[in-house]
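J.: What follows is a structure written as C-alpha coordinates; I'll ask about it next.
The values are calculated or read from the model by the stated rules, or taken from the named source; none is laboratory data. Everything numeric here is computed off the predicted structure, so don't read it as measured data. Glycine also receives a Cβ, built like all others from the backbone with ideal geometry; neighbour counts cover every protein chain displayed.
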(Lines give C-alpha, C1' and ligand atoms only; values in the text may rest on other atoms or scores of the structure.)
Protein backbone atom coordinates (compact mmCIF):
# COMPACT_ATOMS: atom_id res chain seq x y z
CA UNK A 1 0.00 0.00 0.00
CA UNK A 2 1.31 3.35 -1.07
CA UNK A 3 -0.30 6.43 0.43
CA UNK A 4 0.10 10.03 -0.76
CA UNK A 5 3.14 9.29 -2.88
CA UNK A 6 4.49 9.01 -6.38
CA UNK A 7 7.40 7.57 -8.30
CA UNK A 8 9.09 10.97 -8.25
CA UNK A 9 8.75 13.51 -5.47
CA UNK A 10 9.66 16.94 -6.77
CA UNK A 11 9.88 19.64 -4.15
CA UNK A 12 10.76 23.30 -4.18
CA UNK A 13 14.56 23.23 -4.62
CA UNK A 14 14.94 25.99 -2.03
CA UNK A 15 12.96 24.17 0.69
CA UNK A 16 15.86 22.23 2.29
CA UNK A 17 17.87 25.42 2.78
CA UNK A 18 14.81 27.38 3.97
CA UNK A 19 14.40 24.79 6.74
CA UNK A 20 17.80 25.86 8.09
CA UNK A 21 17.58 29.59 7.30
CA UNK A 22 13.99 30.28 8.40
CA UNK A 23 12.80 27.24 10.35
CA UNK A 24 9.67 28.79 11.89
CA UNK A 25 8.34 30.29 8.67
CA UNK A 26 9.19 27.12 6.73
CA UNK A 27 7.47 24.95 9.31
CA UNK A 28 4.35 27.10 8.95
CA UNK A 29 4.55 26.68 5.17
CA UNK A 30 4.87 22.90 5.47
CA UNK A 31 1.90 22.64 7.85
CA UNK A 32 -0.23 24.87 5.63
CA UNK A 33 0.54 22.76 2.57
CA UNK A 34 0.51 19.29 4.10
CA UNK A 35 -3.06 19.34 5.33
CA UNK A 36 -6.33 19.52 3.44
CA UNK A 37 -8.77 22.41 3.70
CA UNK A 38 -10.84 20.83 6.46
CA UNK A 39 -8.11 20.65 9.11
CA UNK A 40 -9.21 21.99 12.49
CA UNK A 41 -7.24 24.64 14.33
CA UNK A 42 -6.55 22.12 17.12
CA UNK A 43 -5.12 19.57 14.70
CA UNK A 44 -3.08 22.25 12.94
CA UNK A 45 -1.62 23.35 16.30
CA UNK A 46 -0.85 19.75 17.28
CA UNK A 47 0.82 19.09 13.92
CA UNK A 48 2.90 22.23 14.30
CA UNK A 49 3.91 21.27 17.84
CA UNK A 50 4.92 17.75 16.81
CA UNK A 51 6.81 18.82 13.73
CA UNK A 52 8.64 21.49 15.73
CA UNK A 53 10.08 18.66 17.83
CA UNK A 54 11.91 17.34 14.77
CA UNK A 55 15.42 18.80 14.51
CA UNK A 56 15.78 21.00 11.39
CA UNK A 57 18.65 18.81 10.16
CA UNK A 58 16.37 15.75 10.19
CA UNK A 59 13.53 17.57 8.44
CA UNK A 60 15.99 18.92 5.87
CA UNK A 61 17.32 15.40 5.29
CA UNK A 62 13.79 14.18 4.66
CA UNK A 63 13.20 16.78 1.97
CA UNK A 64 16.63 16.21 0.41
CA UNK A 65 15.72 12.51 0.12
CA UNK A 66 12.42 13.45 -1.51
CA UNK A 67 14.22 15.77 -3.90
CA UNK A 68 16.48 12.99 -5.17
CA UNK A 69 13.83 10.22 -5.22
CA UNK A 70 12.95 9.02 -8.72
CA UNK A 71 11.76 5.48 -9.44
CA UNK A 72 9.90 6.14 -12.66
CA UNK A 73 12.13 3.88 -14.75
CA UNK A 74 11.64 0.91 -12.39
CA UNK A 75 7.88 0.84 -11.87
CA UNK A 76 7.21 -1.67 -14.62
CA UNK A 77 9.35 -4.19 -12.70
CA UNK A 78 7.02 -4.24 -9.72
CA UNK A 79 5.12 -7.51 -9.87
CA UNK A 80 3.38 -7.30 -6.50
CA UNK A 81 -0.13 -5.91 -6.45
CA UNK A 82 -0.33 -2.40 -5.06
CA UNK A 83 -3.04 -0.26 -3.58
CA UNK A 84 -2.34 3.42 -4.08
CA UNK A 85 -4.35 5.86 -2.01
CA UNK A 86 -4.23 9.53 -2.97
CA UNK A 87 -6.12 12.72 -2.18
CA UNK A 88 -7.58 15.43 -4.37
CA UNK A 89 -6.24 18.29 -2.24
CA UNK A 90 -2.71 16.99 -1.66
CA UNK A 91 -0.42 19.96 -2.31
CA UNK A 92 2.76 18.12 -1.32
CA UNK A 93 2.41 15.21 -3.77
CA UNK A 94 -0.11 16.22 -6.42
CA UNK A 95 -2.73 13.65 -7.36
CA UNK A 96 -1.22 13.35 -10.84
CA UNK A 97 1.90 11.74 -9.33
CA UNK A 98 -0.20 9.00 -7.72
CA UNK A 99 -2.14 8.55 -10.94
CA UNK A 100 1.12 8.07 -12.84
CA UNK A 101 2.31 5.62 -10.20
CA UNK A 102 -0.91 3.61 -10.53
CA UNK A 103 -0.71 3.68 -14.30
CA UNK A 104 2.83 2.34 -14.44
CA UNK A 105 2.66 -0.43 -11.83
CA UNK A 106 1.12 -3.38 -13.68
CA UNK A 107 -1.14 -4.63 -10.86
CA UNK A 108 -2.03 -1.35 -9.16
CA UNK A 109 -5.38 -0.06 -8.00
CA UNK A 110 -5.92 3.62 -7.24
CA UNK A 111 -8.32 5.03 -4.64
CA UNK A 112 -8.76 8.80 -4.52
CA UNK A 113 -10.12 10.44 -1.39
CA UNK A 114 -11.96 13.66 -2.12
CA UNK A 115 -11.12 16.80 -0.16
CA UNK A 116 -8.17 15.41 1.82
CA UNK A 117 -4.59 16.61 1.78
CA UNK A 118 -1.20 14.96 2.09
CA UNK A 119 -1.90 13.84 5.63
CA UNK A 120 -4.92 11.85 4.51
CA UNK A 121 -4.43 8.92 6.92
CA UNK A 122 -4.82 11.40 9.78
CA UNK A 123 -7.42 13.56 8.06
CA UNK A 124 -9.64 10.70 6.87
CA UNK A 125 -8.65 7.55 8.80
CA UNK A 126 -12.00 5.81 8.28
CA UNK A 127 -11.90 6.31 4.51
CA UNK A 128 -8.31 5.08 4.29
CA UNK A 129 -9.16 2.03 6.42
CA UNK A 130 -12.23 1.33 4.28
CA UNK A 131 -10.17 1.51 1.07
CA UNK A 132 -7.62 -0.93 2.48
CA UNK A 133 -10.29 -3.29 3.78
CA UNK A 134 -12.22 -3.29 0.51
CA UNK A 135 -9.06 -3.90 -1.49
CA UNK A 136 -8.06 -6.80 0.74
CA UNK A 137 -11.55 -8.30 0.77
CA UNK A 138 -11.77 -8.08 -3.02
CA UNK A 139 -8.68 -10.26 -3.23
CA UNK A 140 -6.96 -7.87 -5.61
CA UNK A 141 -3.68 -8.59 -3.90
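Yes/no per residue for (1) over 16 Å from residue 1 (Cβ atoms); (2) in the same structural domain as residue 126 (by TED's automatic domain parsing):
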position	(1), (2)
45	yes, no
53	yes, no
63	yes, no
78	no, yes
85	no, yes
88	yes, yes
94	yes, yes
104	yes, yes
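J.: Here's something else I'd like to know. Just need a number here: residues in segment 75-95 that are in contact (Cβ under 8 Å) with a residue 12 or more places away in the chain and assigned to a helix (DSSP H, G or I).
T.: So the answer is 3.
J.: Follow-up question, since we're still on this one. Which residues, counting only those in segment 105-120, are in contact with a strand residue (DSSP E or B) (Cβ under 6 Å, 6 or more places away or on another chain) and either surrounded by fewer than 20 Cβ atoms within 10 Å (Cβ to Cβ) or under 18 Å from residue 81 (Cα atoms) (or both)?
T.: Within segment 105-120, 105, 108, 109, 110, 111, 112 meet the criteria.
J.: Tell me whether segment 27-38 contains one or more residues that are surrounded by 17 or more Cβ atoms within 10 Å (Cβ to Cβ), in contact with a helix residue (DSSP H, G or I) (Cβ under 9 Å, 6 or more places away or on another chain) and not in a helix (DSSP H, G or I).
T.: Within segment 27-38, the subset surrounded by 17 or more Cβ atoms within 10 Å (Cβ to Cβ) is 27, 30-31, 34-36.
Now drop any that are not in contact with a helix residue (DSSP H, G or I) (Cβ under 9 Å, 6 or more places away or on another chain), which leaves 27, 30-31, 34-36.
Imposing the further condition that a residue be not in a helix (DSSP H, G or I) reduces the set to 35-36.
Within segment 27-38 (the criterion being surrounded by 17 or more Cβ atoms within 10 Å (Cβ to Cβ), in contact with a helix residue (DSSP H, G or I) (Cβ under 9 Å, 6 or more places away or on another chain) and not in a helix (DSSP H, G or I)), the answer is yes, since at least one residue qualifies.
J.: While we're here: Could you please find all residues in segment 96-115 being closer than 17 Å to residue 34 by Cβ and not in a strand (DSSP E or B)?
T.: Of all residues in segment 96-115, those closer than 17 Å to residue 34 by Cβ come to 97-98, 113, 115.
Scanning segment 96-115 gives 97, 98, 115.
J.: Of the conditions (1) closer than 28 Å to residue 17 by Cα; (2) in contact with a helix residue (DSSP H, G or I) (Cβ under 8 Å, 6 or more places away or on another chain), residue 84 fails just one. Which one is it?
T.: Here residue 84 clears every test but (1).
J.: So in segment 121-141, with the set limited to residues that are in a helix (DSSP H, G or I) and in contact with a strand residue (DSSP E or B) (Cβ under 7 Å, 6 or more places away or on another chain), which one is farthest from residue 1 (Cα to Cα)? Please lay out each step first, then the result.
T.: So the first thing to find is which residues in segment 121-141 are in a helix (DSSP H, G or I), and the list is 121-123, 125-137.
Those still in the list that are in contact with a strand residue (DSSP E or B) (Cβ under 7 Å, 6 or more places away or on another chain) too: 121, 127-128, 131-132, 135.
Numbers: 121: 12, 127: 14, 128: 11, 131: 10, 132: 8, 135: 10 Å.
Result: 127.
J.: Checking residue 57 against (1) in a loop (DSSP other than H, G, I, E, B); (2) farther than 30 Å from residue 136 by Cα; (3) over 14 Å from the mean Cα position of the chain (by Cα), which test does it fail?
T.: Every condition holds for residue 57 apart from (1).
J.: Follow-up question, since we're still on this one. Collect the residues in segment 39-56 that are touching a residue at least 12 places away in the same chain (Cβ under 8 Å) and surrounded by fewer than 13 Cβ atoms within 10 Å (Cβ to Cβ), keeping them in residue-number order. Explain how you work it out, then say what you get.
T.: The initial filter retains those residues of segment 39-56 that are touching a residue at least 12 places away in the same chain (Cβ under 8 Å), namely 39, 43-44, 47-48, 51-52, 56.
Listed by number, the list is empty, since nothing qualifies.
J.: Output the residue which, of all residues in segment 65-92 that are out of contact with any strand residue (DSSP E or B) (no Cβ under 8 Å at 6 or more places or on another chain) and within 20 Å of residue 31 (Cβ to Cβ), is surrounded by the most Cβ atoms within 10 Å (Cβ to Cβ).
T.: Here the answer is 90.
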